[in-house]
1. Output the qualifying pairs, or none if there are none: Cβ atoms under 7 angstrom, residues six or more apart or on different chains, first residue in region 35-48 and under 16 Å from R126 (Cα atoms), second residue surrounded by fewer than 12 Cβ atoms within 10 Å (Cβ to Cβ) and not hydrophobic (A, V, I, L, M, F, W, C).
2. Scan region 90-97 and tell me whether some residue there is at pLDDT below 95 and assigned to a helix (DSSP H, G or I).
3. I'd like the full set of residues that are assigned to a helix (DSSP H, G or I) and of a type in the set (D, E), limited to region 23-57.
Amino acid sequence: MRNRRHGLPALLSLLVLGGCTTASPEAFDRRIAALIGQPEAEAVAALGVPQRSYEGDGRRLLHYEFAGPAPGPVLRPGIGLGFGTGGWGSGWGVGTGIGIGLGGQAAGAPCVLVLESREGRITGFRRSGPGCALPVG
């Protein structure tokens, strides 16, 4: 029984760390590169309707804006004020406190993706921004 108690925190930490992922721009590039040569309709089916599109010089540009993976939960400071009365005896109290709340998600980093299309097929892409990454791991 004693050995189990010591092994449980180690096991839990391995499970938590094993669930961590990193974001990779290379993984993003591989996913988008798979669309080259595909019809525009396939790109729209995979990525959704672009925010904007431009046409000229025999080509069409499909402009997407994404929020990349969020960095994780947000720590938020808080201040509290409390009042209370005694439960088993008489008494009352007033108190203040400072705490840190854990929750929510931070906003993801921006990513701008522009697909180039000629004659209805994707011929290339450009990306910019730190959010152009996919989780790996």
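The values are calculated or read from the model by the stated rules, or taken from the named source; none is laboratory data. Computed from a predicted structure; not experimentally measured. With ideal geometry, Cβ positions are generated from the backbone for all residues, glycine too; neighbour counts draw on all protein chains shown.
1. Going by the 7 Å Cβ cut-off, the qualifying pairs are E40/G120.
2. Of region 90-97, the ones at pLDDT below 95 are 90-97.
Checking which are assigned to a helix (DSSP H, G or I) leaves us with none.
Within region 90-97 (the criterion being at pLDDT below 95 and assigned to a helix (DSSP H, G or I)), the answer is no, since none of the residues qualifies.
3. As a first pass, look at region 23-57 and keep what is assigned to a helix (DSSP H, G or I): 25-33, 40-47.
Passing the criteria: E26, D29, E40, E42.
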